[in-house]
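J.: The structure that follows is given in the form of structure tokens.
The values are calculated or read from the model by the stated rules, or taken from the named source; none is laboratory data. Not measured: the values here are computed from a predicted model. Every residue, glycine as well, gets a Cβ built from its backbone with ideal geometry; the counts of neighbours run over all protein chains shown. Heads up: the accessible areas ignore ligands, DNA and RNA and are worked out on the full protein's heavy atoms, side chains in. Shrake-Rupley method; radii C 1.70, N 1.55, O 1.52, S 1.80 Å.
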Amino acid sequence: MRSNGNPKNEPTAMRISRLLPISLLALALGVIAPRVSAAARLYIVQAPTSAAARARVLQVHGKIERQLPIIHAVAASLDAHQAALLRGLPAVKLFADRSVSTRGLLSGLTSTLTTTASSTLNSADSTLATSPVVTTVTDGVASPVLSTVTTNPVVSSVTSPVVSGLSAAAPLQDGTGVLATPLTYETNYPTVVDAPALQQAGITGKGVTIAVLDTGLWQDVLQSYGSRILATVDVVDGGSSPVTGDAYGHGTHVTSIAAGGAQNVAGQYFGVAPQANLVVVQAFNGEGEATYADVIAGINWIVAHREQYNIRVLNLSIGATPESFYWQDPLDQAVMAAWQAGIVVVVASGNEGPSPMTVDVPGNVPYVITVGALTDNYEPYNPADWRLASFSSTGPTYEGFVKPEVVAPGGHMVGSMASSSYLANIDPDSMDVAEDLFTMSGTSQAAAVTSGVVALMLQSDPSLTPDEVKCRLMASARPAVTSAGTLAYSVFQQGAGLIDAVAAVNSSATDCANVGLDISADLAGTEHFHGPANRDASGNYYIMNMGSATPGTAEPGDGLSWSGSYPGTQGYSWSDAYPWSQGFSYAWSQNYAWTSNYAWTSNYAWTSNYAWTSNYAWTSSVPWWNDSSPPASTAAAPIQPWVPNQ
């Protein structure tokens with residue numbers, strides 16, 4: 001087809017460039033004619049208001065896929081010509097939609113498995129793990145093989161979680177503990193964070209709603225969800241129907257950790273907040289994959305319904321690699337909006353550790369609670385042997401913020417899962433079919449534990465704001481210490497330390513989180529912020545003393561500098577008596593306006609790709625934000641890369 005007299009064989013890019021000035025003028029006059037879209041792709045189109053974004057897309061005859069008012073945007077299908085027109089308009093930002101992943105890890109598996117076992121699921125998402133009649137075959141195939149299924153939710157057929165044949169001599173793995181009553185099932189992670197003491201006192205999360213945005217939920221009847229599930233919605237690919245199951249399994253696993261209500265014969269609860277209410281938002285498909293547009297739409301739904309369902313906590317066991325400053329990222333913007341609306345957002349730090357600067361989006365948002373992972377080293381009753389999990393992503397962020405803020409159990413975690421789920425099929429050794437339980441590691445699970453503890457805090461004191469919850473959770477945490485009494489890990493690795501539910505509930509700490517930040521200004525784009533972290537010429541990370549006569553010099557203090565190394569598999573005590581003093585009150589409570597005149601170390605490069613100066617600029621290797629060179633692939637990614645259980 002000819003256009004404005006151009007010959008048929010003229011390159012498409014040339015035709016677009018010749019048409020662009022005329023087209024922009026016509027667009028301003030609102031007279032662009034419809035054209036055939038040859039190769040449309042999904043974009044997030046942002047403007048001063050979502051109505052303005054919608055109007056701009058319609059002016060170029062793009063297709064609106066969904067509304068994203070939480071970030072004043074729409075998701076739209078646009079071809080190259082339409083995208084070029086929008087890029088030329090003032091007050092319009094255009095982002096190629098990108099993938100986001102969950103943060104759970106499987107036993108003995110690596111990230112290379114993210115591309116396996118997929119083809120069958122593409123046609124089975126709506127039925128796998130949503131039916132009581134699912135037969136799987138794993139020998140000799142790379143993906144689950146399904147039999148004919150019905151559409152009723154799968155429920156467990158057993159009536160009690162008793163583990164038969166367990167003896168005190170058996171290896172202690174989470175989910176098979178024998179501390180209290182022999183031959184009874186017991187999860188260990190509630191004990192690691194001291195939740196049972198609160199549960200026995202009646203603080204169980206009752207009346208507090210946790211929203212879990214993930215892969216859906218398979219309702220194991222043992223977990224006593226019942227009427228505690230206030231609402232569900234499946235937003236995958238623009239949907240809005242109720243959640244019918246969890247084909248992948250990840251969402252079911254983290255939900256049971258945060259709020260599983262099963263009890264053993266000794267009365268011990270399975271989850272951390274066993275009577276908390278739940279809102280389940282499915283934004284990931286049956287292979288644990290999602291796009292920014294779906295995740296943002298899910299957060300939008302949660303914020304819009306927060307008062308109706310008393311949503312106080314949002315669990316995000318998800319992540320993606322940062323490709324911009326936190327304030328430029330649409331997903332980060334949505335998360336900040338949720339925090340501003342009064343929801344405590346708990347996020348997995350990521351599973352790319354132990355290397356520095358590996359914290360994911362949206363865990364890089366300075367306001368939220370970002371959680372790293374601890375493992376009990378298969379010694380749940382020997383705290384001196386617990387250690388930081390090697391996969392746990394560490395800070396600082398590219399804006400200099402200390403992350404994660406806290407750590408929680410995330411190693412070899414037992415949670416509910418249907419044996420027909422995707423994860424159970426690709427890692428059958430981690431699946432206990434008789435009990436519908438699955439063992440999994442990751443910061444996803446650590447975030448779920450923390451979300452449960454936050455629900456306990458909010459039941460105890462419903463008046464707490466998100467900033468106050470974060471402050472008390474950090475101030476009451478227990479850092480890992482050496483036999484000499486010094487920190488075993490830097491603040492960039494363990495944050496304030498292991499969360500303690502009882503101490504957090506009893507804490508009266510104030511004004512120790514997000515000090516110096518202004519979320520309203522951040523979202524409005526009038527001011528942005530950086531943290532106190534920097535890196536010296538030798539590659540060591542450190543906390544800057546911004547209040548000294550020479551701002552930017554290293555702040556003295558235990559744990560405030562780090563060479564980037566990981567100490568290995570040695571365990572340490574996690575002390576509730578460590579004197580944080582300057583280490584806690586100064587290092588994390590001070591943040592600074594990005595617009596200040598302070599210059600970071602002149603022309604210092606964080607890595608070979610990032611120049612850290614007052615006029616910070618991303619290099620051509622991260623082109624996503626101006627979309628001048630679209631990423632090589634926009635296919636959805638797995639929820640989180642997988643690692644062996646620890």
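J.: Return only the number of the condition from (1) open to solvent by 40 Å² or more (accessible area, probe 1.4 Å); (2) more than 21 Å from residue 366 (Cβ to Cβ) that residue 475 does not satisfy.
T.: Among (1) open to solvent by 40 Å² or more (accessible area, probe 1.4 Å); (2) more than 21 Å from residue 366 (Cβ to Cβ), residue 475 violates only (2).
J.: While we're on this one: For residue 265, only one of the following conditions fails: (1) in contact with a strand residue (DSSP E or B) (Cβ under 6 Å, 6 or more places away or on another chain); (2) open to solvent by 40 Å² or more (accessible area, probe 1.4 Å); (3) modelled with pLDDT under 95. What is its number?
T.: It fails just one condition, (1).
J.: Within the range 276-291, does at least one residue satisfy the condition of being touching a Lys or Arg at 6+ places or on another chain (Cβ under 8 Å) and assigned to a loop (DSSP other than H, G, I, E, B)?
T.: yes
J.: Given the criterion open to solvent by less than 10 Å² (accessible area, probe 1.4 Å), within 21 Å of residue 502 (Cβ to Cβ) and modelled with pLDDT of 95 or more, identify the matching residue among 283, 273.
T.: The unique qualifying residue is 273.
J.: With the condition kept exactly as written, say whether any residue in the range 446-456 is farther than 23 Å from residue 378 by Cβ, out of contact with any Phe, Trp or Tyr (no Cβ under 9 Å at 6 or more places or on another chain), among the hydroxyl-bearing types (Ser, Thr, Tyr) and open to solvent by less than 10 Å² (accessible area, probe 1.4 Å).
T.: Scanning the range 446-456, I find at least one residue that is farther than 23 Å from residue 378 by Cβ, out of contact with any Phe, Trp or Tyr (no Cβ under 9 Å at 6 or more places or on another chain), among the hydroxyl-bearing types (Ser, Thr, Tyr) and open to solvent by less than 10 Å² (accessible area, probe 1.4 Å), so the answer is yes.
J.: Please verify whether residue 3 is at pLDDT below 95, open to solvent by less than 30 Å² (accessible area, probe 1.4 Å) and touching a helix residue (DSSP H, G or I) at 6+ places or on another chain (Cβ under 8 Å), treating the condition exactly as stated.
T.: Taking the combined requirement at face value, the residue does not satisfy it.
J.: If you don't mind, another one. Among the residues of the range 336-351, write down those that are over 14 Å from residue 306 (Cα atoms) and under 11 Å from the mean Cα position of the chain (by Cα).
T.: If the condition is that a residue be over 14 Å from residue 306 (Cα atoms) and under 11 Å from the mean Cα position of the chain (by Cα), then 346, 347, 348, 349, 350, 351 are the ones that fit.
J.: Take the conditions of a type in the set (Gly, Ala, Ser) and surrounded by fewer than 24 Cβ atoms within 10 Å (Cβ to Cβ) and apply them to residue 384. Does it pass?
T.: yes
J.: Filter the range 226-246 down to the residues that are out of contact with any Pro (no Cβ under 7 Å at 6 or more places or on another chain) and open to solvent by less than 10 Å² (accessible area, probe 1.4 Å) and list them by number.
T.: Within the range 226-246, 235, 246 meet the criteria.
J.: Same structure, new question: Consider residue 247 against the criteria (1) more than 30 Å from residue 502 (Cβ to Cβ); (2) touching a strand residue (DSSP E or B) at 6+ places or on another chain (Cβ under 7 Å); (3) touching a residue at least 24 places away in the same chain (Cβ under 8 Å): it satisfies all of them except one. Which criterion is unmet?
T.: Failed condition: (2).
J.: Among (1) without any contact (Cβ under 8 Å) to a residue 40 or more places away in the chain; (2) assigned to a strand (DSSP E or B), where does residue 267 come up short?
T.: Condition (2) is where residue 267 drops out.
J.: What is the residue count in the range 71-87 for residues that are within 17 Å of residue 239 (Cα to Cα) and either touching a Ser or Thr at 6+ places or on another chain (Cβ under 6 Å) or crowded, with 23+ Cβ neighbours inside 10 Å (or both)?
T.: Here the count works out to 3.
J.: What number of residues in the range 40-64 are at pLDDT 95 or above, part of a strand (DSSP E or B) and surrounded by fewer than 19 Cβ atoms within 10 Å (Cβ to Cβ)?
T.: Adding up the residues that qualify gives 2.
J.: Let me confirm something: among 307, 399, 323, which residue is open to solvent by 10 Å² or more (accessible area, probe 1.4 Å), in a loop (DSSP other than H, G, I, E, B) and acidic (Asp, Glu)?
T.: Testing whether each residue is open to solvent by 10 Å² or more (accessible area, probe 1.4 Å), in a loop (DSSP other than H, G, I, E, B) and acidic (Asp, Glu) leaves just 323.
J.: Got a sec? Which of 348, 334 is in contact with a strand residue (DSSP E or B) (Cβ under 7 Å, 6 or more places away or on another chain) and under 22 Å from residue 293 (Cβ atoms)?
T.: Going through 348, 334 in turn, just one is in contact with a strand residue (DSSP E or B) (Cβ under 7 Å, 6 or more places away or on another chain) and under 22 Å from residue 293 (Cβ atoms): 348.
J.: Here are some residues: 391, 401. Which one is of a type in the set (A, V, I, L, M, F, W, C) and over 24 Å from residue 512 (Cα atoms)?
T.: 391 is the lone residue from the list that is of a type in the set (A, V, I, L, M, F, W, C) and over 24 Å from residue 512 (Cα atoms).
J.: Filter the range 508-549 down to the residues that are among the acidic types (Asp, Glu) and surrounded by fewer than 21 Cβ atoms within 10 Å (Cβ to Cβ), then identify the one that is modelled with the highest pLDDT.
T.: 518
J.: With a cut-off of at least 1 residues that are closer than 26 Å to residue 203 by Cα and at pLDDT 90 or above, name the helices (runs of 4 or more DSSP H) lying wholly within the range 460-507.
T.: 466-475, 501-506
J.: Name every residue in the range 80-98 that is more than 19 Å from residue 333 (Cβ to Cβ), part of a loop (DSSP other than H, G, I, E, B) and in contact with a helix residue (DSSP H, G or I) (Cβ under 8 Å, 6 or more places away or on another chain), in order of residue number.
T.: 88, 89
J.: Got a number for residues in the range 339-378 being charged (D, E, K, R) and open to solvent by 10 Å² or more (accessible area, probe 1.4 Å)?
T.: Count: 2.
J.: Additional query: When you scan the range 403-453 for strands (runs of 3 or more DSSP E) that lie fully inside it, which ones turn up with 2 or more residues that are within 15 Å of residue 220 (Cα to Cα)?
T.: 413-416, 437-440
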